[in-house]
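The structure under discussion appears below in the form of structure tokens.
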Amino acid sequence: MMVRHLVTIDDLSEAEIQAIFSLADEFLASMPSPGSPHRIRGCLPLADQFVLATLFYEASTRTRFSFETAMIRLGGHVLSSADPKTTSAAKGETIADTVRVLQNYADVIVIRHPCEGAVKVASEYSDVPIINAGDGGHEHPTQTLCDLYTLQREKGSLKNLNVLLWGDLKNGRTVHSLVYGLARFGARIIPLPAEGFGLPEHVTRRLLRDYDCVPLSNDELIDAGTDKFPVDVVYVTPEKPHQRSLFSDVKEKGTDVLRVRLPHNALSKIDACYVTRLQRERMPGDASAENYPMVDTEFLKDRRYRHSSVMHPLPRVTELGYDLDDDARAVYFKQASYGVPVRMALIAALLQIKPDVLGAVPPKKRHSLFARSTVHCDNPNCVTGLETEQRYLTPKFLVIIEDERLTIRCQYCEHESIPEFIGRSSTKKYEPNRMRWESLPDDITLFTDEAAAIAAGYQPYKQRLKV
Ligand code: CP
């Protein structure tokens, strides 16, 4: 069986996620803490032959400690680095070299890194499982496992749950993994960002394109009896992608227009309110939290929140009132506690201690891959922009064609770019972005605008000029 890694939530199928949850349930049931059913006590003799390394280049309380206690409670051993200054990264060692060395000492490696895509790089150079404990503002897939597990235990099922996402949806990596997970399990996603902190465009594009979500606008929400609800859009997942046609009931200019109708008052009850803090560490300069809103008992007085589970990946700062701590709806400490059984299950699965949890290969990616030294990721926080990593990394991209236009998604940080113009370095000619090749030519160059093409010494195709 090939080594499995967990870099993004898409590295696990829905069936595998549910199998991890079942195993976490087993650990919780068999290792109970008297009086605290969400907490695990004691140790099992399952992983005594194995060592887990935690390599954290960014601060953490929950993720690192819960991974380490999970390994110890499985009977395994732990190597820990909580401070990058104490590893040879401080001397300029690359990610690739670090993991190629660490794999000699540990059987599984958990990495947190400030750069988006850094853990993907590690996974390409490791022959032991690599687990992403958060890479910049990209993803935090094990937090998503804890979030989905908490929701499922609280509500019984994830399907058709109304989940309000609140706060910094732009920079919060936990939110980015979570929306994909919610969409895949058929929950409704209700973004309520702080002003200027909405979901990144590439994340919403991906919700629509890759997860078959349908965005319902405010007008459509009002049709569903949800007047006065202060959100702009709700993302709804049809039952199954192939059932999209069932909803296509309107013809507009000869094409089917997708219509999804929510049952009347479908949003009158919010099942979970997922609160996130302002991610200051992802923002330039001194970010102000002055206008950042707060969720507290006052906010939750609205009757639609009467049965909402209040969740937060933690740590909290000022966005979640301490007055909620004794409220029965507050589940954020339970959510943090579930980090142990969930991570025990994940470690046991990746190390094949429990061989039936994961399939032999990861779920298939939807888009084909290309690597070109002439094309670079335009995300300034992508790992491919790091000088140390540029010594050996070739940028790689997934190719997505939509309406004949080329979109590329960085294989590492997963940011997407849609160039306005495409050039060929062999001819030094450029033309508008229209995908007319079977596969991308080797010498392709992408330009954000025409001025960039001209500045690079390219000329327009004559053919295009006539158009
Ligand atoms: N939720 C979470 O990732 O917490 P830490 O940053 O403390 O690990």
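Selection of segment 323-339 for residues being assigned to a helix (DSSP H, G or I) and within 13 Å of the ligand (Cβ to nearest atom) yields Tyr332, Phe333, Gln335, Ala336, Ser337, Gly339. Within the span defined as segment 96-113, one or more residues are touching a residue at least 60 places away in the same chain (Cβ under 8 Å) and within 16 Å of the ligand (Cβ to nearest atom).
Identification of strands (runs of 3 or more DSSP E) wholly contained in segment 377-467 with 1 or more residues that are under 28 Å from Cys115 (Cβ atoms) and within 31 Å of the chain's Cα centre (by Cα) yields 396-402, 405-410, 421-424, 444-447. Counting only strands (runs of 3 or more DSSP E) wholly contained in segment 204-280, the ones carrying 1 or more residues that are among the polar types (S, T, N, Q) and modelled with pLDDT of 75 or more occupy 214-217. Looking only at residues in segment 58-82 that are part of a strand (DSSP E or B) and among the aliphatic types (A, V, I, L, M), which one is farthest from the ligand (Cβ to nearest atom)? Ranking the candidates gives Leu79 first. Being under 25 Å from Ser268 (Cβ atoms), within 22 Å of the chain's Cα centre (by Cα) and either open to solvent by 10 Å² or more (accessible area, probe 1.4 Å) or away from the ligand (no atom under 16 Å from the Cβ) (or both) is the filter here, so list the residues in segment 301-322 that pass it. Within segment 301-322, Ser309 is the sole residue that qualifies. Scan segment 141-162 for residues that are open to solvent by 10 Å² or more (accessible area, probe 1.4 Å) and within 16 Å of the ligand (Cβ to nearest atom) and jot them down. Correct list: Gln143 only. Among the conditions (1) hydroxyl-bearing (Ser, Thr, Tyr); (2) within 21 Å of Leu199 (Cα to Cα); (3) at pLDDT below 90, the only one that Ser439 does not satisfy is (2). Pairs meeting the criteria (first residue in segment 137-152 and under 21 Å from Val203 (Cα atoms) and part of a helix (DSSP H, G or I), second residue among the acidic types (Asp, Glu) and at pLDDT 95 or above, beta carbons under 9 Å, at least 6 apart or on different chains) are Pro141/Asp10; Pro141/Asp11.
The values are calculated or read from the model by the stated rules, or taken from the named source; none is laboratory data. The model shown is predicted, which means the values in this text are computed figures rather than measured ones. All Cβ positions, even for glycine, are placed from backbone atoms using ideal geometry, and neighbour counts span all protein chains on display. Only protein heavy atoms, including side chains, enter the accessible area calculation; ligands, DNA and RNA are left aside. Shrake-Rupley method; radii C 1.70, N 1.55, O 1.52, S 1.80 Å.
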